[in-house]
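**Student:** Once you've had a glance at the structure underneath, I'll fire off some questions.
The values are calculated or read from the model by the stated rules, or taken from the named source; none is laboratory data. Remember, predicted model here, so these are calculated numbers, not experimental data. Methodologically, a virtual Cβ is constructed for each residue, glycine included, from the backbone with ideal geometry; neighbour enumeration extends over all protein chains shown.
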Amino acid sequence: MTQEIITAHNSSIVLGGKKILENITCSISAGEFVGIIGPNGAGKSTLLLALRGFLPLAAGEVQLLGRPITTLSDKELARHIAYMQQEVNVGFGYTALEVVLTGRYPYLKWWQHEQAEDKAIVQQYMEFTGVEALADKPVHLMSGGEKQRVLLAKVLAQETPLIFLDEPTASLDLVYQEEIFRYCQLISKQGKTVLIVAHDLKLAAKFCSRLLLLADGKMIADGSPEKVITKENLQAAYGLHAAVFMNKVTGNLDIHTYAADDDNPNKDTKVHIICGGGSGEKIIRLLYERGYRLTLGVIQPGDADANAAEAFHLPCLLGQPFSSIDELSAQENRRKISAADWVVLSDLTYGEQNIDNLQAAFMAKKLIVIEDTPIEERDFLNGQASDLYTELVEMPQVTVMTFPRFITLLEKN
Ligand SMILES: Nc1ncnc2c1ncn2[C@@H]1O[C@H](COP(=O)(O)OP(=O)(O)OP(=O)(O)O)[C@@H](O)[C@H]1O
């Protein structure tokens, strides 16, 4: 059974007469790597401070290993929780080594100096964070990133079962940012509990085992990264328009953000996109971001356009791999085309497998044909596709345009 190590029950914090955290309840077990995410001013740092016992609660209780945190002495707390604040002012003239050595103080008696073992531990963490060469340099002369790595070494040298990090990667370059998340993941797998305040959602989703999403002092979501980082939660917390999807290349959660009209004037306009072979990706993205109600088809499974449809969670008619469009999909495609307010036919290449898409396009009430490449270069049916296409584009309901022209048209509307 996992051991509950730290819990907050209906906890509220009031600062300067204002409620900063409201009814926060969470229970964190040993070995979890928890990312605290949310927009600026959401209350992330305040939550970390509250869980460390640094702030008085207006309501509720925080417990460490079943004991009210207010009943533990400072030294006891320091042996359980190492805490790296967001902004730290290190005294003038202190060297990196001196600062990191203070991480060992919770283990020393008042008459003791650091032992050889303490120095070895300090050395180990200074090497890990890449500051061993800066050991004798005063911290006030360091860059923001160097200082942050010294402070991180200090926190790690405390060797506590819980580690709280408030934006430890804020001034760090890409390599150290990822290194720190990777390291925290490793030590959490070895049983330590790590809480990290983070702004980089992709890094947090990649490495944390659990995320707490705060907004306006309230807990919006708590759970696995897949459960917490959703289109709806990002909208609720950040007021952000985003598509959240599993990136098939990296295997990680990915977030595509875009600007959009909150009122979404296009939400009732149904558009069906006939595409395939990657010819539809940019059309799908463009129309998705503008809030149209999209359907797609018929596309081969595994096709780039099918992946785009999956990423944006769009209904997509899939045919059979390496086969002509089957009867059922063909009928369903026609139904979707007839139901759509307008249809877009992408700059498709035609062969036996998808020629039915071109035939189905005749059913559209209003059809926009995207043509960036002449049909003759996209016809792998010895002229059959070209003949059909020429007949189609002469129909009164059809408008032919290049993709750049299509963008201009959408921007005007
Ligand atoms: N001592 C204080 N007195 C009054 N208000 C405070 C105090 N400390 C923080 N606040 C307010 O509490 C809110 C939450 O602050 P907090 O630092 O916890 O947010 P955060 O989510 O960590 O933000 P950021 O991402 O910008 O670091 C903010 O509106 C902040 O101004």
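**Student:** Mind counting the residues in the range 305-317 that are within 15 Å of His256 (Cβ to Cβ), out of contact with any Ser or Thr (no Cβ under 8 Å at 6 or more places or on another chain) and of a type outside the set (S, T, N, Q)?
**Tutor:** Matching residues across the range 305-317 total 6.
**Student:** Here's another thing I want to ask about it. Which ranges mark the helices (runs of 4 or more DSSP H) fully within the range 268-355 that have 2 or more residues being more than 20 Å from Glu371 (Cβ to Cβ), within 30 Å of the chain's Cα centre (by Cα) and of a type in the set (Phe, Trp, Tyr)?
**Tutor:** none
**Student:** Looking at (1) without any contact (Cβ under 8 Å) to a residue 12 or more places away in the chain; (2) away from the ligand (no atom under 15 Å from the Cβ); (3) within 29 Å of Lys218 (Cα to Cα), find the lone condition where Glu98 falls short.
**Tutor:** Single failed check for Glu98: (3).
**Student:** Follow-up question, since we're still on this one. Among the residues of the range 182-207, how many are within 25 Å of Phe245 (Cα to Cα) and among the aromatic types (Phe, Trp, Tyr)?
**Tutor:** 1
**Student:** So which residues in the range 165-183 are at pLDDT 90 or above, within 17 Å of Tyr125 (Cβ to Cβ) and in contact with a strand residue (DSSP E or B) (Cβ under 7 Å, 6 or more places away or on another chain), if there are any at all?
**Tutor:** Answer for the range 165-183, where residues must be at pLDDT 90 or above, within 17 Å of Tyr125 (Cβ to Cβ) and in contact with a strand residue (DSSP E or B) (Cβ under 7 Å, 6 or more places away or on another chain): just Leu165.
**Student:** Still on this structure, please answer the following. Report whether or not Val150 is surrounded by 21 or more Cβ atoms within 10 Å (Cβ to Cβ) and within 16 Å of the ligand (Cβ to nearest atom).
**Tutor:** no
**Student:** Still on this structure, I have one more. Among the residues of the range 1-23, which ones are more than 9 Å from the ligand (Cβ to nearest atom) and of a type outside the set (Val, Ile, Thr)?
**Tutor:** Scanning the range 1-23 gives Met1, Gln3, Glu4, Ala8, His9, Asn10, Ser11, Ser12, Lys19, Glu22, Asn23.
**Student:** Determine which single condition Arg182 fails, assuming it passes every other condition in (1) assigned to a helix (DSSP H, G or I); (2) out of contact with any Gly (no Cβ under 9 Å at 6 or more places or on another chain); (3) closer than 30 Å to Asp74 by Cβ.
**Tutor:** Status for Arg182: all satisfied but (3).
**Student:** From the list Leu388, Leu367, which one is hydrophobic (A, V, I, L, M, F, W, C), free of Cβ contacts under 8 Å to residues at least 40 places away in the same chain, under 20 Å from Gly291 (Cα atoms) and assigned by TED's automatic domain parsing to the domain that holds Val344?
**Tutor:** Leu367
**Student:** Continuing with this model, one more query. What are the residues in the range 160-189 that are farther than 24 Å from Thr250 by Cα, in contact (Cβ under 8 Å) with a residue 40 or more places away in the chain and away from the ligand (no atom under 13 Å from the Cβ), if any?
**Tutor:** Correct list: Thr160, Pro161, Leu162, Ile163.
**Student:** Checking Gly280 against (1) buried (at least 16 other Cβ atoms within 10 Å of the Cβ); (2) at pLDDT below 95, which single condition isn't satisfied?
**Tutor:** (2)
**Student:** Consider Leu47 carefully, then state whether it is touching a strand residue (DSSP E or B) at 6+ places or on another chain (Cβ under 8 Å), within 16 Å of the ligand (Cβ to nearest atom), under 27 Å from Leu213 (Cβ atoms) and not in a strand (DSSP E or B).
**Tutor:** The answer is yes for Leu47.
**Student:** Another question about this same structure. Name, by its number, the condition in (1) surrounded by 22 or more Cβ atoms within 10 Å (Cβ to Cβ); (2) aliphatic (A, V, I, L, M); (3) not in a helix (DSSP H, G or I) that does not hold for Leu381.
**Tutor:** (1)
**Student:** Which of the following residues is more than 15 Å from the ligand (Cβ to nearest atom) and part of a loop (DSSP other than H, G, I, E, B): Gly31, Gly60, Gly41?
**Tutor:** Of Gly31, Gly60, Gly41, the one residue that is more than 15 Å from the ligand (Cβ to nearest atom) and part of a loop (DSSP other than H, G, I, E, B) is Gly31.
**Student:** Right, next: Could you give every pair whose Cβ atoms fall below 6 Å, whose first residue belongs to the range 19-47 and is without any contact (Cβ under 8 Å) to a residue 60 or more places away in the chain, and whose second residue is away from the ligand (no atom under 12 Å from the Cβ), counting only separations of at least 6 or pairs across chains?
**Tutor:** Pairs found: Ser27/Glu4; Ser27/Thr7.
**Student:** Let me ask you something else. Select from the range 52-74 the residues that are without any contact (Cβ under 8 Å) to a residue 40 or more places away in the chain and among the polar types (S, T, N, Q) and list them in ascending order.
**Tutor:** Thr70, Thr71, Ser73
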